[in-house]
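The structure appears right after this line, and notes come after that.
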Amino acid sequence: MNERSLVSLTSLGIGALLVVLLAMLAGGLLADKWFRPSPAPRTYNTATILQQIQSLSDLVTVKYVMEKVVIVEDAKWYGESRVLLVAHGIVKAGVDLRQINATHIQLADNKIEIQIPPARITDAYLDDRRTEIIERSTGILRQFDKDFEQNARRMAVADIRSAAMSGGIINDATTRSKELLVHLFQQLGYKTVAVKSP
């Protein structure tokens, strides 16, 4: 047998071996895919759902950023104290999911219904880096009142909180909370998700 015939036989042998190996590999993959038992569908009970919801704690869904000019004056016959403050405030609102209990959750097949508590303002404060005292004046006969500026800040927070309420922050927080919970439970495999609020 000459050298060229030996090379041809060797090439044929290697080629046949590769074909057999590929067939075995493909057969193994197909058998694994076709005959492996499919995973059992996940099921959740009310206690598990409740734990997942309560772990979210305060679900803060809306943040309003607001600016307000606040003027605080204290005029007496012997002089006037005045503070002009440009307040940069932040108001956050959401739903306290710790208030939800098992009676607020209804499960049936691929459907879940949840009753959430009313949305509320969770925080209101001033951004000190962006809040400025534009003017501070004390009459000649008046003593400087160190609490005057703090009073102006407290008034600014109250005004910003009130403005956020008037602007619809509670409705926005309710809507956003519902959307987030619907998305969460759809990700868990529920086809029908109903989130109700008072």
- Query: If you keep only loop residues by DSSP, which chymotrypsin sites (Phe, Trp or Tyr not before Pro) in the stretch 110-198 have at most 14 other Cβ atoms within 10 Å of their Cβ?
  - Reply: 144
- Item | Ranked list, fewest to most other Cβ atoms within 10 Å of each Cβ, for 166, 177, 81, 137 | 166, 137, 81, 177
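Bear in mind these aren't lab numbers, they're just calculated from the coordinates by the rules spelled out. Not measured: the values here are computed from a predicted model. Every residue, glycine as well, gets a Cβ built from its backbone with ideal geometry; the counts of neighbours run over all protein chains shown.
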